[in-house]
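Notes to accompany the following structure.
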Amino acid sequence: SCHHTIIPSFILKLFSNDFILHFLNNYWVFSFFSFCKPCDNNREPELKFVEIEGCSEKGRWTIGDLKMQTGRTDVNAVTNWNAPLVWEGTFDPVVIDAIYKRLDPRVAVMVLAVGKYTRFLKGFLESAEKYFLVDFRVTYYIFTDNKQDVPKIELGTGRKITVLDVPSATRWQDVVLSRMKWATIAIDKQIRNEADYLFMMDVDSIFHSRFGAESLSPLSAVLHRGYYKTTRNDFPYERRGTSKAYIPPDEGDYYYTAAVWGGYLEEMYKYCYKQSEEDAKNNIEAVWQEESHLNRYLLYNKPTKVLSPEYLWADYDQVPEDIRVVRISQLVKNYAEVRPNGGQ
C-alpha cells in the first residue's frame with residue numbers, strides 16, 4: 001500500500017477545504033488527510049500527505065485507487081444538486097471524525113429552554129455528552145428565563161455551557177419565532193468569536209447514538225421525518241403569497257425540520273428573523289413559524305449537506321426499516337402542560 005503520498009500545494013489551491021471534504025469524506029474511503037484550517041485562508045498551503053489503502057505502487061496514487069463508498073442501495077445518498085444525503089452506511093465514521101479532528105473545529109449548540117422546558121435540559125445535555133461530536137470542542141449556549149433551573153452536568157474536555165438570559169413568553173409560537181432573533185443577536189455579540197459551526201436544536205430531545213462530524217458542513221439541513229417519503233404536493237410549505245415564507249406550488253426539493261440544523265455562522269439566522277418580522281408587520285404568521293421561513297431559505301440557498309431523518313426522529317413514531325439508527329429523537333410530552341398557552 002502507499003504511504004504519505006504528496007499532494008502539491010498548487011493542486012490544493014484549486015479547491016477549497018469544503019470541496020475536498022465534500023469529495024473525499026462523503027464519497028471516498030481513505031486512511032488520512034491533512035490540511036490547514038478553514039480560517040487560515042491567507043496562509044500558503046504546504047505539501048500535504050495522504051495514506052491510501054490499496055494503491056498499486058508505493059508513493060503514487062490515482063483517483064482509481066480511491067474506493068467509492070456506496071453502502072446503501074435502498075436510499076438516495078445524493079441530492080439532485082449533488083450534495084451528500086447522509087445515511088448510516090454511506091460514510092466511514094472513524095475516517096470522517098479523524099479528518100475533522102485535524103481541523104479542530106469549535107462547535108456551538110444553541111437550545112432554548114424557556115418556562116417548563118428547562119426540565120428537558122438534563123437529559124439533552126447528558127445524552128449529548130455521550131453521543132454528540134465526542135472529543136470535539138463544543139459549547140452549549142442555553143437561552144433561558146430560568147437560570148436557576150440549568151442543571152450541573154459533568155462535561156468532557158474542551159466542552160462547556162454558557163447560559164444566556166431571554167424573556168419569558170406567553171405563546172409557544174413566540175418562543176419558536178424568537179429563536180432566530182436570539183441567535184442573530186448572540187452570533188453578532190458573542191458566538192461569532194467562539195465557534196466555527198452552530199447547531200440549532202430542540203431541547204426536548206435525547207441523543208441515542210453517535211452524531212458525528214459527518215453532520216458538519218457550511219449548511220446542513222435535516223429531512224423532516226414526516227415528509228421524507230412524500231412529494232412536494234404534501235409538504236406543509238407556506239402557500240399564502242402574502243407571507244415572506246411563501247413557496248410556489250411547483251417548487252420545492254425537500255421539507256426540512258427546524259428542530260435540528262446547522263452550519264457556518266452566516267446569514268440564514270438573520271434572514272429568517274427579518275422575514276418573520278416582516279410578516280408580523282403585515283399581520284401574518286407563517287404556518288409553521290421559523291420552520292416555514294427556513295424551508296424557503298433552503299429552497300433558494302441549497303444545503304451543502306442533507307442529513308437523513310436519523311438526525312431527528314421522534315418517540316411518537318415507529319422506526320421504519322430505512323432508519324437503521326436513531327441518532328436523536330424528540331420526546332413524548334404533554335404539550336398542553338409544558339407550553340405556556342396550553343399547546344394552542
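What are the residues in segment 119-141 that are hydrophobic (A, V, I, L, M, F, W, C) and without any contact (Cβ under 8 Å) to a residue 60 or more places away in the chain, if any?
LEU125, VAL138
Which ones in segment 86-102 are crowded, with 19+ Cβ neighbours inside 10 Å and either farther than 19 Å from LEU133 by Cα or aliphatic (A, V, I, L, M) (or both)?
Scanning segment 86-102 gives VAL86, VAL95, ILE96, ILE99.
Quick check: is even one residue across segment 226-233 farther than 27 Å from PHE120 by Cβ, charged (D, E, K, R) and surrounded by fewer than 20 Cβ atoms within 10 Å (Cβ to Cβ)?
yes
Which ones in segment 280-306 are among the small types (Gly, Ala, Ser) and assigned to a helix (DSSP H, G or I)?
Matches in segment 280-306: ALA280, SER292.
Yes or no, residue by residue, for (1) hydrophobic (A, V, I, L, M, F, W, C); (2) touching a His at 6+ places or on another chain (Cβ under 7 Å):
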site: LEU219; (1), (2): yes, no
site: TYR227; (1), (2): no, no
site: TYR237; (1), (2): no, no
site: TYR256; (1), (2): no, yes
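Within segment 122-143, can you find the residues that are part of a helix (DSSP H, G or I) and surrounded by fewer than 23 Cβ atoms within 10 Å (Cβ to Cβ)?
Across segment 122-143, the qualifying residues are LYS122, GLY123, GLU126, SER127, GLU129, LYS130, TYR131.
Within the bounds of segment 145-165, is there any residue that is within 22 Å of GLU291 (Cα to Cα) and either modelled with pLDDT under 95 or hydroxyl-bearing (Ser, Thr, Tyr) (or both)?
No: zero hits.
Of everything in segment 236-274, what is farther than 19 Å from PRO303 by Cα and part of a helix (DSSP H, G or I)? Give them in sequence order.
Within segment 236-274, LYS274 is the sole residue that qualifies.
Kindly indicate whether GLU277 is in the same structural domain as SER243 (by TED's automatic domain parsing) and either modelled with pLDDT under 95 or assigned to a loop (DSSP other than H, G, I, E, B) (or both).
yes
Quick check on segment 272-286. Is at least one of its residues closer than 25 Å to VAL107 by Cα and crowded, with 18+ Cβ neighbours inside 10 Å?
Yes, segment 272-286 has at least one match.
The values are calculated or read from the model by the stated rules, or taken from the named source; none is laboratory data. If you're wondering where the values come from, they're calculated on a predicted model, not measured in any experiment. Here Cβ is always computed from backbone atoms with ideal geometry, including for glycine, and neighbour counts include all displayed protein chains.
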